[in-house]
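K.L.:
Could you have a look at this structure, given as structure tokens, before my questions?
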Amino acid sequence: MPSRLISFTFCLLIVTPLSAAPGMHLWYDENGQAVYSQFPPGEGRQSTRIKPPPPPAESPEAAQQRLQQRLQRLEDNREDKALAREKAEKTKAERAFAEERCQSARQNLLGLEGQARQLFRKSDGSVSRLTAEEREAKRAEMRKIIEESCK
């Protein structure tokens with residue numbers, strides 16, 4: 001009798017964990033709807049045992065860290081694009097200013113190379129004629145501006 005009791009206990013120890021193995025049961029109710037449960041259906045219903053999905057390949061901490069790294073790279077890319085856009089706008093503004101300065105210097109040079117007795121407006125608003133030396137200095141200044149700005 002003790003050997004039967006030991007055998008029965010041994011079989012019970014082996015079968016119990018197998019019946020309590022993790023998983024889900026799938027069966028269909030009377031309306032044809034799929035029902036998922038941790039427990040088998042009542043008597044007279046057949047169910048299919050579904051194994052649980054495998055655990056994630058990486059720990060949640062590692063996944064969170066990877067996500068943070070991706071978000072940081074995304075933010076860095078956005079900042080880089082914004083800086084590049086600002087730089088392009090600044091370069092465009094500088095080119096426009098240089099072009100305007102070039103055109104102005106060319107017009108001034110044409111005026112300086114024209115009639116010698118022309119009147120010129122000074123920065124204070126007064127009008128006068130330039131001497132030959134002043135005229136030549138202004139021409140040299142306009143040529144220098146043209147050389148720098150007109151590329």
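Read the figures in this text as sums done on the coordinates, not as results from a lab. Nothing here was measured: the structure is a model prediction, and the numbers come from that model. Heads up, the Cβs are rebuilt from the backbone with ideal geometry, glycines too, and the neighbour counts pull from every protein chain shown.
K.L.:
Suppose the chain between Glu99 and Leu74 were pulled fully straight at 0.36 nm per residue; how much longer would it get relative to their current alpha carbon spacing? Don't skip to the answer; put the middle values down first.
P.N.:
Details: separation 25, 0.36 × 25 = 9.00 nm, distance 3.73 nm.
Result: 5.3 nm gained on full extension.
K.L.:
Assuming 0.36 nm per residue, please report the length gained on full extension of the stretch Arg139 to Gln118 beyond their Cα-Cα distance.
P.N.:
6.1 nm
K.L.:
Taking the Cβ of Arg139 as the center, what net charge do the other residues with Cβ under 13 Å away carry, scoring Lys and Arg +1 and Asp and Glu -1?
P.N.:
Taking every other residue near Arg139 into account, the sum is -1.
K.L.:
Still on this model: Leaving out same-chain residues fewer than 8 places away, which lysines sit with a Cα under 24 Å from that of Lys122?
P.N.:
The reachable lysines, counting only those whose Cα sits under 24 Å from Lys122, are Lys138, Lys144.
K.L.:
Something else: If I stretch the segment between Phe39 and Glu89 completely, what's the gain in nm (0.36 nm per residue apart, minus their alpha carbon distance), one decimal? It would help to have the intermediate numbers written out before the result.
P.N.:
On the way: separation 50, 0.36 × 50 = 18.00 nm, distance 6.65 nm.
My answer for the length gained is 11.4 nm.
K.L.:
Grab the other residues whose beta carbon is less than 15 angstrom from that of Gln107, score K and R as +1, D and E as -1, and report the net.
P.N.:
Local net charge: +2.
K.L.:
Taking the alpha-carbon distance from Lys87 and a cut-off under 19 Å, which aspartates and glutamates remain once sequence neighbours fewer than 8 residues away in the same chain are dropped?
P.N.:
Glu75, Asp76, Glu79, Glu99
K.L.:
Taking the Cα centroid of region 39-71 and of region 76-151, what is the distance between the two, rounded to the nearest whole Å?
P.N.:
So the two Cα centres are separated by 71 Å.
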